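Asker: Questions regarding the structure given below will be posed in turn.
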Amino acid sequence: MRNILVSIAITALSFGASAAPSLAGMMPDAATIRPAGTVELATHYYGHKPKCVWKKVKKYDYYGNLVIKRVKVCH
């Protein structure tokens, strides 16, 4: 009876160890993940710089209070 339990435990551990590396290969590297707020500017040719303006965005929060947010818009 003890031999059966030991063999079941070894089988379960070996199965878990063999399944772990297959999941690790699917995870992206931490260096390739960018934060959600990251903005990449478009490349402009002939030395032209992008023209940017500040735009005010008005939204209401969960409690109904007005929240004014300044957003930089470049084009």
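The values are calculated or read from the model by the stated rules, or taken from the named source; none is laboratory data. Since this is a predicted model, take the numbers as computed values, not measurements. Quick reminder, even Gly has a Cβ in these numbers, built from the backbone with ideal geometry, and neighbours come from all protein chains shown.
Asker: All but one of (1) at pLDDT 65 or above; (2) out of contact with any Lys or Arg (no Cβ under 6 Å at 6 or more places or on another chain); (3) surrounded by 10 or more Cβ atoms within 10 Å (Cβ to Cβ) hold for V73; state the number of the condition that does not hold.
Answerer: Result: V73 passes all but (2).
Asker: Follow-up question, since we're still on this one. Residues in region 44-53: is at least one of a type outside the set (A, V, I, L, M, F, W, C) and modelled with pLDDT under 65? First the steps, then the outcome.
Answerer: Within region 44-53, the first condition is being of a type outside the set (A, V, I, L, M, F, W, C), and the residues that meet it are 44-51.
Pick out the ones that are also modelled with pLDDT under 65 and you get 44-45.
Yes, because at least one residue in region 44-53 is of a type outside the set (A, V, I, L, M, F, W, C) and modelled with pLDDT under 65.
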